1. Along Cα→Cβ, 7 Å out, is where each label goes; now give me the distance between the ones at residue 103 and residue 283 in nm to one decimal.
2. In percent, how large is the relative contact order of region 349-389, given Cα pairs closer than 8 Å and 6 or more residues apart?
3. Can you list residues from other chains, or at least 5 along the same chain, whose modelled amide H is less than 5 Å from the amide H of residue 402?
4. Could you tell me what percent of the accessible area of region 83-198 is made up of carbon and sulfur, with a 1.4 Å probe and every protein chain present?
5. What does the net charge come to around residue 178 if you take all other residues with beta carbon closer than 14 Å to its beta carbon, with K and R at +1 and D and E at -1?
6. Contour minus end-to-end for residue 346 and residue 93, with contour as 0.36 nm per residue of separation and end-to-end as the Cα-Cα distance?
7. Place the peptides 308-316, 250-258, 321-329 in order of packing, highest mean first, counting for every residue the other Cβ atoms within 10 Å and averaging per peptide.
8. Taking amide H positions as placed in the peptide plane 1.01 Å from N, state which residues far from residue 122 in sequence (5 or more) or on other chains have amide H under 5 Å from it.
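The values are calculated or read from the model by the stated rules, or taken from the named source; none is laboratory data. These numbers come from a predicted model, not from an experiment. All Cβ positions, even for glycine, are placed from backbone atoms using ideal geometry, and neighbour counts span all protein chains on display. With ligands, DNA and RNA removed, areas are computed over all heavy atoms of the protein, side chains included. Shrake-Rupley method; radii C 1.70, N 1.55, O 1.52, S 1.80 Å.
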Amino acid sequence: MKTINGGIMRAFIAVLAGVLAGAQITTARAHNDGSQFPSNPSFTTLAVTPFAIEGLTGDAVGNLYTTGRAPAPARCPVWQVFSGATPPATLIQVGSIDNSVGACNPSGITFDRDGNIYVADANQGGRVWKLTASNMNPVSPFATGVPGTNGLAFDGDGNLWTGDGTTGQGRVWKITPAGMVTEMFRIQPMRNGTDSGGNITAAAGAEPTQGVGRKASTYPHTAAGGNPQDLVANGLAFNREGDLLIADTARGAIWKVEFDRHGRVKSRTGCDATFTSNTLCLENVFVVHPLLEGTDGIALDRAGNVWSSANERNAIVVVTREGRVVEIFRNPLNADGLRNSADDAAGNSHILELPTSPFLLGHKFCTANSDGNRRDNSPNSAGEVNSGGPAGTRGKISCMDQNLSIRGLPLPVH
């Protein structure tokens with residue numbers, strides 16, 4: 001019996017040693033993951049824009065691009081700004097999109113592999129514009145019928161993907177190179193139910209509070225007089241494996257969708273009968289975390305880490321390839337105990353003001369700021385761009401002063 005007990009004890013010790021070794025390895029990896037990111041970084045405003053902005057992209061030679069929400073009937077400009085310029089950098093208008101009907105509402109912006117620019121515009125039922133070398137001022141959209149279109153991302157086959165943004169219903173579409181639009185799946189929306197009478201169509205003048213995402217719902221996504229956060233299909237990005245990552249602003253989450261070799265959605269759908277059958281099951285949430293509350297745009301680096309502009313918190317957060325969540329930057333407190341502004345004008349150029357769309361340009365990290373009146377950025381009648389000030393609604397591009405140790409993933413992903 002002693003021999004048997006001794007053997008068991010030796011086996012136990014061997015297993016325990018293996019577990020402890022594994023724990024040490026895991027800890028070391030976690031530490032190395034954190035050390036890959038800048039420690040206590042700072043930001044400086046690269047450029048202030050005369051109109052509100054949201055999207056941000058870049059080219060291979062160091063230029064950033066964004067779009068301005070000009071009042072109708074002026075066309076909405078597409079600007080280029082050199083990321084390496086000494087602030088304040090000059091905005092160079094390189095094109096524009098139509099604004100003859102209603103008010104244009106550009107957000108996402110990206111390049112295809114041929115160097116054409118695409119701009120998501122939620123105006124007029126949702127349109128995507130294509131700007132080419134021969135026509136940087138198009139009057140006809142590349143694609144229509146994408147309500148609330150927000151983030152944009154190309155897959156390896158040259159298809160453009162976009163989500164429905166502020167409509168809050170969670171639709172994600174694929175747009176072929178010919179401009180054909182197909183709804184591929186939905187992110188589970190935040191609201192589900194009927195009004196007190198069991199109706200799923202809001203009565204005229206009613207204040208709807210539920211219903212978004214139901215199979216036949218026509219409810220708008222916001223209640224009258226309120227300011228809820230219902231965006232669940234916002235920023236998009238493909239990784240090297242061909243998986244689509246989607247920023248869920250409302251939940252503070254990132255979803256991951258996988259496809260089969262024919263481009264069909266492989267991730268499980270249809271788990272809740274109150275939603276459409278193509279609605280993703282919650283198991284497809286890659287990560288959800290309070291640090292990601294308000295996650296808007298996302299961008300990937302070459303190691304597969306996901307960089308997020310967390311607009312609700314005036315913060316920048318990274319989700320590692322393994323799903324660990326790391327806060328990189330958050331506005332410091334001002335004298336009033338708030339994070340919406342600095343204590344002096346000079347300090348305002350070093351804070352974020354509702355950051356929306358990050359972009360990794362080589363070793364440089366930049367983000368657009370839309371100065372919305374939400375959470376940490378409320379009230380937005382302070383700060384550098386000060387939407388409540390005499391200059392009216394503006395935006396800005398902020399860049400990290402420190403370089404990244406891991407370069408950004410080149411776009412579009414092939």
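1. 4.5 nm
2. Dividing the mean separation by the residue count of region 349-389 yields 31 percent.
3. 42
4. 47 percent
5. Neighbourhood net charge equals 0.
6. Gain in length upon complete extension: 88.4 nm.
7. In decreasing order of mean packing, 308-316, 250-258, 321-329 become 308-316, 250-258, 321-329.
8. 105, 107, 127
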